[in-house]
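Reading through the structure tokens given below for one structure.
Values in this text are rule-based calculations from the coordinates and carry no lab data. Worth saying up front: this structure is predicted, and the values here are computed from it rather than measured. Glycine also receives a Cβ, built like all others from the backbone with ideal geometry; neighbour counts cover every protein chain displayed.
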Amino acid sequence: MGTGTVWFVGAGPGDPELITVKGRGLVERAGAILFAGSLVSEAAMRWAPTGCVIADSKDMTLEDMSAWLIAQAARCDTVVRLQTGDPGLYGALIELVQPLDAAGVPVQVVPGVSSAMASAAAAVESLTLPEVTQTVIFTRMEGRTPMPEGESLEALAAHHSTLCIFLSITLMGKVTAALTAAGWSLDAPVVVVHKASWPGEEKIVRGTVATIQGLCREAKLVSQSMIIASPTLGARQWSTLVKSKLYDASFTHRFRRASIPATSLTQGNQDTQDKP
Ligand code: SAH
């Protein structure tokens, strides 16, 4: 058996510049690369060295993929499995790691910029805001993959926190029905980002629970789209905003002493060790 390592590398959301420096370095010295054809931008392959064996996994089964990775690890030191966004989100990471473990092939994972983060960035939105929501839920609508008990979109939406909904653009009617059933108003903002960060191909559709389905249909979005529903959306235009305590002049934390006395609002917060 060979001694090569299989690296699961997050390729980022599409823009080749959004792969990490570490991921790019691994691509540059890879002896073999298996990439997810339909999703990973071909441009991310531009750093592969000459002589590197490159395969597209789009027509492979999981068994084909693990057999390919094991065979390449027997032949070369660095084998890269390039996955879209972050490998730990909706990416069959563990199904691929188990056969490698069984074959004694070392495995490492390099995180990537998830499309959830790239979509928020594209729309210049913050997924958390002080006193609005401090929670982000990554989820999907039930489709062919069933949702575990307690994870229906309606149940999750009842928290009224930020929802980043993957893999669900073709189920938009069900998404808005779940939000409505959970008590979201028809005016609540929703943003859909298609091909976030892809040079020249990104589309941002802004609407509400009532309008977003029609707007996405008009824009012909049927794949590679992130649905973000959040009470923080549109905050760029708000005239009143509760400012983050991190930069509040009355708030002392690890790196800075308060320059003005604390108000009743800031006194209560003892949570200063890491973040505001
Ligand atoms: N591991 C990936 C998610 C893979 S699942 C990640 O961390 O981003 C595939 C889903 O991700 C798509 O259905 C879509 O909802 C989302 N997605 C992937 N790339 C995207 C992009 N560039 N823009 C918007 N959504 C994207």
Got a number for residues in the range 154-183 being touching a residue at least 40 places away in the same chain (Cβ under 8 Å), assigned to a loop (DSSP other than H, G, I, E, B) and surrounded by fewer than 16 Cβ atoms within 10 Å (Cβ to Cβ)? 0
Every residue from the range 176-198 that is of a type in the set (Val, Ile, Thr), touching a helix residue (DSSP H, G or I) at 6+ places or on another chain (Cβ under 7 Å) and under 11 Å from SER225 (Cβ atoms): VAL192, VAL193
Within the range 8-40, restricting attention to residues that are closer than 13 Å to VAL113 by Cα, of a type in the set (Val, Ile, Thr) and outside any loop (DSSP other than H, G, I, E, B), which residue is farthest from the ligand (Cβ to nearest atom)? VAL21
Applying the selection to the range 184-218, what residues are within 13 Å of the ligand (Cβ to nearest atom) and surrounded by fewer than 15 Cβ atoms within 10 Å (Cβ to Cβ)? PRO199, GLY200, GLU201
Single match in GLU28, GLU125 (criterion: of a type in the set (D, E, K, R) and farther than 23 Å from ALA196 by Cα): GLU28
Restricted to the range 219-242 and to residues being within 22 Å of the chain's Cα centre (by Cα) and of a type in the set (Val, Ile, Thr), the residue farthest from the ligand (Cβ to nearest atom) is THR232
The listed residue being acidic (Asp, Glu), part of a loop (DSSP other than H, G, I, E, B) and within 15 Å of the ligand (Cβ to nearest atom), out of GLU142, GLU151, GLU131: GLU142
For the subset of the range 74-107 comprising residues that are of a type in the set (Asp, Glu) and either in a strand (DSSP E or B) or out of contact with any helix residue (DSSP H, G or I) (no Cβ under 7 Å at 6 or more places or on another chain) (or both), which member is nearest to the ligand (Cβ to nearest atom)? ASP86
Has the range 58-65 got at least one residue that is within 19 Å of THR5 (Cβ to Cβ) and acidic (Asp, Glu)? no
Among all residue pairs at least 6 apart or on different chains, which show Cβ distances below 9 Å where the first residue, located in the range 109-128, is within 17 Å of SER161 (Cβ to Cβ) and the second is in a helix (DSSP H, G or I) and within 7 Å of the ligand (Cβ to nearest atom)? GLU125/SER119; LEU127/ALA116
